[in-house]
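Worksheet for the structure shown next.
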């Protein structure tokens, strides 16, 4: 477990994921119960007008939240909101970021984002961690 | 086309935060923290048991809003938010329901877009709120035309 006192404005929490694989999305489909075929089957994605299968937005959102997991002994995620800005394709390399914007009483306010290898945000939003 | 259903809520469905399902979910998002998965770490934690990843409520059954039918294809997930009163605990029972909060249409680049605002609720069996979830789902004109034909 990490300590909340390590949080500081201007030092983002950050991690880069391995390239998105089909197996990642098959696993997420199975674990979440979201079997929309545009996430797993090429022909269905093409039929829907996409250039290939795309990641579930919730897969990216779920991944992004793990930046906070090491702190859950001291805080919990009270609010977590994102907009899905762009599609994530197979082979894309995502960097997940959370930047502390302010601390107010027992709450830590973060801006969060997932960026692809072209540095475009595919997910963008905010999170509030509340001290327990 | 969904206006008449605004405000309709499903009958709550009983769900359980199951250890096996939670393990598969944690793996699928690459977040295999001992706070979620290791029983002894959970026991020693301030929660007294393991907790669930914040986006885990995706797996729950929220029941059906009567008369509300969406196609499984052609929908765009625009936005998503979670609000927690406290973390979700492994093993606990959660009563889950969903409601259509709002529906409106706007002109976009690819024609008239429909915006569905869906809210989801997770409550203790006694009715106390644990979390809410809100999603914005965008329906394109092509999909809406397919539905009405």
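Read-outs throughout are calculated quantities, based only on the coordinates presented, and are distinct from any laboratory measurement. Treat the numbers as computed from the prediction; the structure is a model and nothing was measured. Note that we place each Cβ from the backbone using ideal geometry, even for glycine, and neighbour counts take in every protein chain shown.
Structure values in brief
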quantity	calculated
Relative contact order (percent, whole number), region A:23-72, Cα cutoff 8 Å, 6+ residue spacing	26 percent
Radius of gyration and maximum dimension Dmax of the protein assembly as shown, Cα, Å	18.8, 58
Relative contact order (%) - criterion: Cα under 8 Å, at least six apart; region: region A:43-97	47 percent
For A:101, B:45, order by how many other beta-carbon atoms lie within 10 Å, fewest first	A:101, B:45
Volume per residue that the Cα convex hull of region A:9-131 spans, once the total is divided by residue count, Å³	106 Å³
Fraction of beta bridges assigned by DSSP in region A:9-131 that are antiparallel (%, nearest 5)	100 percent
Residues B:26, A:21, B:10, sorted so that the one with the fewest Cβ neighbours within 10 Å comes first	A:21, B:10, B:26
Highest-fluctuation residue, B:111, B:74, B:91 considered, GNM on chain B with Cα pairs under 10 Å	B:111
Estimated Rh, chain B: Kirkwood, alpha-carbon pairs, angstrom	16.9 Å
CD proxy at 222 nm, helix term only [per DSSP H run n ≥ 4: -39500 (n - 2.57); per residue of chain A; nearest 500]	-5000 deg cm²/dmol
Which of A:1, A:58 has the fewest Cβ neighbours within 10 Å, and the rest in rising order	A:1, A:58
